[in-house]
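Input: a single structure, listed below in structure tokens.
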Amino acid sequence: MCCRLQSVRQAVAAPFGGMVGMHPARPSAFFGLGQDRPVPSAFNHIPPFVMHPPCHRTSRFCLTSALLGILALLAGCVSGPRAESPGTAGDGHHVVGPEYRIDPDLTDQGKPKGRQFEFRMRLADSRIFRGDDSTLEPQKKAVRTERRIWVYVPAGYRDGTPAPVLVIHDGPGQLNLVRNALDNLTVSTDPARRLPPFIAIAVENGGNDGKNSQRGLEYDTMSDRLARFIHDEVFPAVLNHPDIRAAYPRLHITANPWGRAVMGCSSGGAAAMSMGWFRPDLFRRLVAYSGTFVDQQDDDAPEEARFPLGAWEYHSSMKLIEAGERKPLRIFTHVSENDLRARDAEETYHNWVMAGHRTAAALTAKGYSHRYVFSKATGHCDKRVFEHTLADTLVWLWQGYRD
């Protein structure tokens, strides 16, 4: 768990009776953390004499106290998020099908229920996705004026504790299945099949699909833009919603990136990958069903200069996974036997099955914490695959989590 920046400010400024050295728009810049980076968890354990150093003697003592406080805080910066120890159970490549059934853990078993909320966010109020990008063609592909947000807080969540979170793209998406999994598996007596009481936040896309659409802009663009939108705009909207605040007045989302997961299907799966790839300081547990690891980025997007083949670059051409440093990520990927354009030649850069296999091979070769599922006799984002595998996916995804 990470403390609030206000405590950091107090530790530094208390000897001088006010705030010192802090940029008003970028408070974390004082410590070189970057505007969006969470303050390390070690800040929670600063002794009282550091958090409130005494200043009733000489100014030299005050200065010494302040310096000690700064050194203690900077020591916390080195530690960063807690190390993960998920083990290797469930890793590797798996084949399911051709027969499918719904996992009982994804059904309503009468366990205690949490609370669900729904509200809307206007695109015009966003600083990141306003619905007016130059790449859009709203006459052909309509852009929503507002997006719906669904929030499920499981019965096992205790108000005031740092909440792990799962973001679901294309909301409501698989929220119904996730909700049942939370109800059943947060109270599981089997420690090997138990989920932490994470909050599920399903976010509706901005509208339509493919190149030159708002959904395509949000999900298929190779950048940190979507990660920033979720972190900087959706999370605060959830925490500040009056109905949610009334029910959970001390609700807060963990700042530990290992406590933040993202899942999606198709372009939503590629979006989950990109959120972690470009911002592993914010999101580290990723789920991509039928991932669109193909060239579907807008042809006139500024990101084309760096990644001309869009998400195809993860596994082929630039081979970002193979060529880059291994990132602190835990990744689930999947592809169906009859996924989109399964017979397309490589030069189309649009064969989902080829892209799925190559992404999995690259992640495995690089030594990522990775689970890959290939489903027989199924199609793109097939409902049967979710019903058959999602409970196992979530259990694997959250292995080793602690806050």
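The values are calculated or read from the model by the stated rules, or taken from the named source; none is laboratory data. The structure presented is a predicted model; accordingly, all values stated were derived computationally and were not measured. We place every Cβ from the backbone using ideal geometry, glycine too, and count neighbours over all the protein chains shown.
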Selected residue [in contact with a Cys (Cβ under 9 Å, 6 or more places away or on another chain), assigned by TED's automatic domain parsing to the domain that holds Met273 and either over 19 Å from His241 (Cβ atoms) or part of a helix (DSSP H, G or I) (or both)] from Gly173, Gly156 = Gly173
Residues in segment 183-200 that are out of contact with any Phe, Trp or Tyr (no Cβ under 7 Å at 6 or more places or on another chain), hydrophobic (A, V, I, L, M, F, W, C) and buried (at least 22 other Cβ atoms within 10 Å of the Cβ): how many?
-> 2
Determine whether segment 274-293 contains at least one residue that is more than 30 Å from Thr254 (Cα to Cα), part of a loop (DSSP other than H, G, I, E, B) and at pLDDT 95 or above.
-> no
When Ser316 is run through (1) at negative phi; (2) surrounded by 24 or more Cβ atoms within 10 Å (Cβ to Cβ), the failure sits at (2)
Exclusive hit being surrounded by 20 or more Cβ atoms within 10 Å (Cβ to Cβ), in contact with a helix residue (DSSP H, G or I) (Cβ under 6 Å, 6 or more places away or on another chain) and in contact (Cβ under 8 Å) with a residue 24 or more places away in the chain, set Arg260, Arg285 = Arg285
Any residue in segment 312-341 that's assigned by TED's automatic domain parsing to the domain that holds Gly97 and closer than 14 Å to Gly291 by Cβ: show its pairings with residues that are in a loop (DSSP other than H, G, I, E, B) and aliphatic (A, V, I, L, M) at Cβ separation under 6 Å, as long as the two are six or more apart or on different chains.
-> Trp312/Val294
Residue within segment 209-220 that is in contact with a Phe, Trp or Tyr (Cβ under 8 Å, 6 or more places away or on another chain), among the acidic types (Asp, Glu), closer than 20 Å to Asp132 by Cβ and modelled with pLDDT of 95 or more present | yes
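A quick yes/no check of all residues on (1) assigned to a strand (DSSP E or B); (2) under 30 Å from Arg215 (Cα atoms):
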| residue | (1), (2) |
| --- | --- |
| Pro138 | no, yes |
| Arg144 | no, yes |
| Ile149 | yes, yes |
| Val167 | yes, yes |
| Arg179 | no, yes |
| Val187 | no, no |
| Pro197 | no, yes |
Consider only pairs whose beta carbons are under 9 Å apart and that are at least six residues apart or on different chains; among these, list those whose first residue lies in segment 222-238 and is in the same structural domain as Gln297 (by TED's automatic domain parsing) and whose second residue is at pLDDT below 95 and not β-branched (Val, Ile, Thr).
-> Asp224/Asp36; Ala227/Asp36; Arg228/Asp36; His231/Asp36; Asp232/Asp36
Output the number of residues of segment 294-332 satisfying the condition of being among the aromatic types (Phe, Trp, Tyr) and in a helix (DSSP H, G or I).
-> 2
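Results for (1) crowded, with 23+ Cβ neighbours inside 10 Å; (2) assigned to a loop (DSSP other than H, G, I, E, B), shown as yes or no for each residue.
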site: Ala202; (1), (2): yes, no
site: Asn205; (1), (2): yes, yes
site: Gly210; (1), (2): no, yes
site: Arg215; (1), (2): yes, no
site: Leu226; (1), (2): yes, no
site: Glu233; (1), (2): no, no
site: Ala237; (1), (2): no, no
site: Asp243; (1), (2): no, no
Here are some residues: Glu387, Glu347. Which one is in the same structural domain as Asp298 (by TED's automatic domain parsing), within 28 Å of Asp108 (Cβ to Cβ), over 21 Å from the mean Cα position of the chain (by Cα) and not in a strand (DSSP E or B)?
-> Glu387
Using the structure shown, decide if Ala261 is aliphatic (A, V, I, L, M), outside any strand (DSSP E or B) and in contact with a strand residue (DSSP E or B) (Cβ under 8 Å, 6 or more places away or on another chain).
-> no
Here are some residues: Gly114, Gly110. Which one is loosely packed, with under 14 Cβ neighbours inside 10 Å and modelled with pLDDT of 95 or more?
-> Gly110
Quick one: what pairs do we get from segment 170-197, first residue in contact (Cβ under 8 Å) with a residue 12 or more places away in the chain and among the β-branched types (Val, Ile, Thr), second surrounded by 14 or more Cβ atoms within 10 Å (Cβ to Cβ) and not in a loop (DSSP other than H, G, I, E, B), C-beta under 7 Å, 6+ apart or different chains?
-> Val178/Leu166; Val178/Ile168; Val178/Ala200
Sole miss for Ile244 among (1) over 20 Å from Asp91 (Cα atoms); (2) within 18 Å of the chain's Cα centre (by Cα); (3) among the β-branched types (Val, Ile, Thr) is condition (2)
Out of (1) buried (at least 20 other Cβ atoms within 10 Å of the Cβ); (2) at positive phi, the odd one out for His334 is which?
-> (2)
